[in-house]
1. Starting from region 38-57, keep only residues that are of a type in the set (A, V, I, L, M), then list their pairs with residues that are open to solvent by 50 Å² or more (accessible area, probe 1.4 Å) whose Cβ atoms are within a distance under 7 Å, requiring at least 6 positions of separation or different chains.
2. Filter region 260-290 down to residues that are part of a helix (DSSP H, G or I) and either open to solvent by 20 Å² or more (accessible area, probe 1.4 Å) or more than 19 Å from L199 (Cβ to Cβ) (or both), then give me how many there are.
3. Quick test of your reading of the structure: G237 fulfils all but one of (1) open to solvent by 10 Å² or more (accessible area, probe 1.4 Å); (2) of a type outside the set (D, E); (3) not assigned by TED's automatic domain parsing to the domain that holds H84. Name the failing condition by number.
4. Pick from region 163-183 the residues that are aliphatic (A, V, I, L, M) and part of a loop (DSSP other than H, G, I, E, B): which of them is farthest from the chain's Cα centre (by Cα)?
5. Would you pick out the residues in region 208-227 that are away from the ligand (no atom under 11 Å from the Cβ) and either surrounded by fewer than 22 Cβ atoms within 10 Å (Cβ to Cβ) or of a type in the set (D, E) (or both)?
6. Exactly one condition in (1) in contact with a Leu (Cβ under 7 Å, 6 or more places away or on another chain); (2) assigned to a loop (DSSP other than H, G, I, E, B); (3) within 22 Å of H202 (Cα to Cα) is false for A54; which is it?
7. For region 91-162, please list each of the strands (runs of 3 or more DSSP E) lying entirely inside it that holds at least 3 residues being within 16 Å of the ligand (Cβ to nearest atom) and modelled with pLDDT of 95 or more.
8. Go through (1) in contact with a Ser or Thr (Cβ under 7 Å, 6 or more places away or on another chain); (2) within 24 Å of L147 (Cα to Cα) for T258 and report which single condition fails.
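The values are calculated or read from the model by the stated rules, or taken from the named source; none is laboratory data. Everything numeric in this text was worked out from a predicted model, so none of it was measured. Backbone-built Cβ (ideal geometry, glycine too); neighbour counts: all protein chains shown. For accessibility, only protein heavy atoms count, side chains too; no ligands or nucleic acids. Shrake-Rupley method; radii C 1.70, N 1.55, O 1.52, S 1.80 Å.
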Amino acid sequence: MPIYLDHAATTPVCPQAAQAAYQAMTEGFGNPSARYALGQEAAARVRDWRAVIAEKLGCLPEELTFLSCGTEGDNWAIRAAAEHGRRTGRHIITTAIEHAAVLEPVKALAAQGYEVTYLKPDKTGHISVDDLKAALRPDTILVSMMLVNNELGTLQPVAQAAQAIRASGSPALLHCDAVQGFLKVPFTPRELGVDLLTLSGHKIRAPKGIGVQYIRKGLRLKPLLLGGGQEEGLRSGTEPTAQIAALAAACEAWEENTAARIREIKEYALTALARVPGLEVVSPGDAPHICAVALPGYPSEMLVRDLSDRGICVSSGSACHKGKPSHVFAALGLPKRTLMGVLRVSFGPDSTKTEADALTEALIQITQSRIAMR
Ligand code: PLP
């Protein structure tokens, strides 16, 4: 097995989640809409699993809608919020460092005539609430701000954003992409004061193919999919019972101290990585699991390949698309050599200090065997 240090990209499914999915696919395979006992049992299980996830998130079960992934949730939140505010205005505020799952639907709305303000981060990757306050207008209908940035690990001021929106009297809905924050940093949607919040299962050791949308009780949104009326008519389609079962199991398997354990490994790794000649910490990350480092003069894609040859998985992935630096690192205004040599390293519950040492040693070897570009 390779050394896997890319948990922000996806995570290995934990045994509890795999087992729960297996059971749901074999013994409990009924369609929750079916009236006979096998179907009704599946429906009851879905209710139980929804309650487990709601408890972990700190909200009401009926505030959760199951989806296929975080991208689906982000897209829906943005389109539905625009529809919700169509009589009020056409101004949207988001940040320059959102995931493409937010930026692309916002871009699509801009093409339809919506006006978009992109809040820029400071050099450390944090968005300022004062900038948000200055950008809010009476016709702002949506603010979309992520909780934890997926490339920098920085925590964004979502709760303060909610206060600012309310204090200004703005009618804007607040959406939060919490895909990288769920279970990693403590929050509830109510504490954050958000109207909409998006999660994805495969970042917390559930399988790919399951996402969750939190919709504040009382907020009525246009359905995402029409059909059989599942998910209170908001997102029709037969419930993916195996994925929901697995997500609930992954939530239950995530212990009180799991995030603290992950943070300890990341901090150990950052100390170890300081031994790599020339290595710079681009973002230590506020969240426990993500940090970004750079080896100026060594292109990210080459580093990722060299590390892969040594059995280590880290990402330039989000960091560098087809030789172009990501919009997130570009937004920090890093010098070009640093920008082109960025690596995102992200840890999970099973990460170890030995793995952090192996990454350090591999990077030292690479710097010794390759000459840095000017
Ligand atoms: N938002 C953030 C911050 C992410 O990191 C990701 C995935 O990397 C997504 C959204 C998209 O989630 P999914 O892969 O479940 O579509």
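1. Listed pairs, sorted by first residue: A42/N31; V52/E252; A54/L60.
2. Here the count works out to 13.
3. Unmet condition: (3).
4. In this case the residue turns out to be A172.
5. Passing the criteria: R216, K217, G218, L219, R220, L221, K222, P223, L224, L225, L226, G227.
6. Looking at each condition in turn, A54 falls short on (2).
7. Once the strands (runs of 3 or more DSSP E) in region 91-162 are filtered for at least 3 residues that are within 16 Å of the ligand (Cβ to nearest atom) and modelled with pLDDT of 95 or more, nothing remains.
8. Going through (1) in contact with a Ser or Thr (Cβ under 7 Å, 6 or more places away or on another chain); (2) within 24 Å of L147 (Cα to Cα) one by one, T258 breaks only (1).
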